[in-house]
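Below is one structure; the comments refer to it alone.
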């Protein structure tokens, strides 16, 4: 089975990114997760950290890397440009390793909220339950999770459940949230791994 290394900001990214990528590639795979904050041996900056993560992926037998950053307080595109630069470098030096990158605007939870059907289904909310995108997607998802009649054990689990239900064609603001570009990158760089 193909193994992919996922790099994100924390446990929620580790929980929600694999199901989203499974939907995009249409195949199962095993996962390894790393957090940006733990990739200190690669030096500072997202470029160097992604290069370091790619070396870890190869050492651990992974065939691909999925790396996602949040915009947070940076300008849109700043962190993504660093990832794209590292992605090009990795593909030149290690063509057997596939790398897909993305930038969530403002956070990965915005990708989940952009599919209200997935949120309602995963959290067992009524069909009329309002799903607001707002300025703070983390708070909105936490509030919706609290409204679920069937509580989950953690917010991380809530994100994973929603991610399993996300359908890319139902996301109406995918360009604004960075999700559309991420989907395109996964299709271009990872789907070929599963086509063979």
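When residue 99 is tested against (1) surrounded by fewer than 23 Cβ atoms within 10 Å (Cβ to Cβ); (2) not in a helix (DSSP H, G or I), only condition (1) is not met. Against the numbered list (1) in contact (Cβ under 8 Å) with a residue 60 or more places away in the chain; (2) within 16 Å of residue 22 (Cβ to Cβ), residue 101 comes up short only at (2). Is it the case that residue 58 is at pLDDT 95 or above, in a helix (DSSP H, G or I) and crowded, with 24+ Cβ neighbours inside 10 Å? Taking the combined requirement at face value, the residue does not satisfy it.
The residues on offer are 181, 185, and the sole one that is surrounded by 19 or more Cβ atoms within 10 Å (Cβ to Cβ) and under 15 Å from the mean Cα position of the chain (by Cα) is 185. All conditions but one from (1) in contact with a strand residue (DSSP E or B) (Cβ under 9 Å, 6 or more places away or on another chain); (2) surrounded by fewer than 23 Cβ atoms within 10 Å (Cβ to Cβ) apply to residue 37; the one that does not is (1). Inspect all residues belonging to the stretch 134-155 and state whether any of them is in contact with a strand residue (DSSP E or B) (Cβ under 6 Å, 6 or more places away or on another chain) and either free of Cβ contacts under 8 Å to residues at least 24 places away in the same chain or closer than 19 Å to residue 47 by Cα (or both). Looking for residues that are in contact with a strand residue (DSSP E or B) (Cβ under 6 Å, 6 or more places away or on another chain) and either free of Cβ contacts under 8 Å to residues at least 24 places away in the same chain or closer than 19 Å to residue 47 by Cα (or both), one finds none in the stretch 134-155, hence no.
The values are calculated or read from the model by the stated rules, or taken from the named source; none is laboratory data. Predicted model, so just to flag it, every value in this text is computed and none were measured. Cβ atoms come from the backbone with ideal geometry, glycine included; neighbour counts cover every protein chain shown.
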